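Some notes on the structure that comes next.
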Amino acid sequence: MGTKSRETIYGSSIRASAERAAVARKAADRLACGAWNQRMLGFQGPAQPSPTLGDALNAGYIYLEVKCLGCNTHQTVALNVVRRPKATPVHELERYMRCKDCSQVRGYPYKRSHLVALRPTKITASDPPSTWWPGER
Ligand SMILES: [Zn+2]
């Protein structure tokens, strides 16, 4: 044992490895979310298995796009405010999604919806709802 601390000897390579792992994990999460999106948009499911909330957030997919089967509108749910453990698979959220308009019209919580895709952005005029392949619906 010399006078050099283990931090001096090993610190930077340990940090570099951790950094490489984090980068690889993010890339893997991105690919997994992209693959799930393609399956949903190309085949309309099956939704399971699906990436977890944590994976989606780590990959930059902050929103889950859902289509209400009552009024046919597409809505986005912000995944960073969903109060579920980060290990929850995204498909498990389907049965918790409640359409505000339909619930109001019907007078009870209306929870019939179809998962569409993960998205990095909310639905806006410049970021239109996703369409299933090919073309509309
Ligand atoms: Zn609705």
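The values are calculated or read from the model by the stated rules, or taken from the named source; none is laboratory data. Computed from a prediction, not measured in an experiment: that's the story for all the values here. Every residue, glycine among them, receives a Cβ derived from its backbone with ideal geometry; neighbour counts consider all protein chains shown. Ligands, DNA and RNA are excluded from the accessible area calculation, which covers all protein heavy atoms including side chains. Shrake-Rupley method; radii C 1.70, N 1.55, O 1.52, S 1.80 Å.
Write out the cysteines belonging to the chain for which the nearest other cysteine Cβ is not under 4.7 Å, or none if no such cysteine exists.
C33, C71
Name the shape class, rounded, prolate or oblate, that the alpha-carbon gyration tensor gives for the range 44-137, where a ≥ b ≥ c are the square roots of its eigenvalues, rounded holds for a/c under 1.5, and otherwise prolate holds if a/b is larger than b/c and oblate otherwise.
oblate
Report, by chain and number, residues whose modeled amide H sits under 5 Å from the one on W132, excluding near sequence neighbours (fewer than 5 apart, same chain).
For W132, the qualifying residues are R137.
Using a 1.4 angstrom probe, figure out how much accessible area the chain has per residue, in square angstrom, rounded to the nearest whole.
Working: 8840 Å² over 137 residues.
Result: 65 Å² of accessible area for each residue.
Quick one: Karplus J couplings for the range 57-69, per residue in order, coefficients 6.51, -1.76, 1.60, θ = phi - 60°, nearest Hz, x for Gly and Pro?
The phi angles translate into 5, 5, 7, x, 8, 8, 10, 10, 8, 10, 10, 7, 7 Hz.
In what sequence, highest mean first, do 11-18, 108-115 appear when ranked by Cβ atoms within 10 angstrom?
Put in order of decreasing packing, that is 108-115, 11-18.
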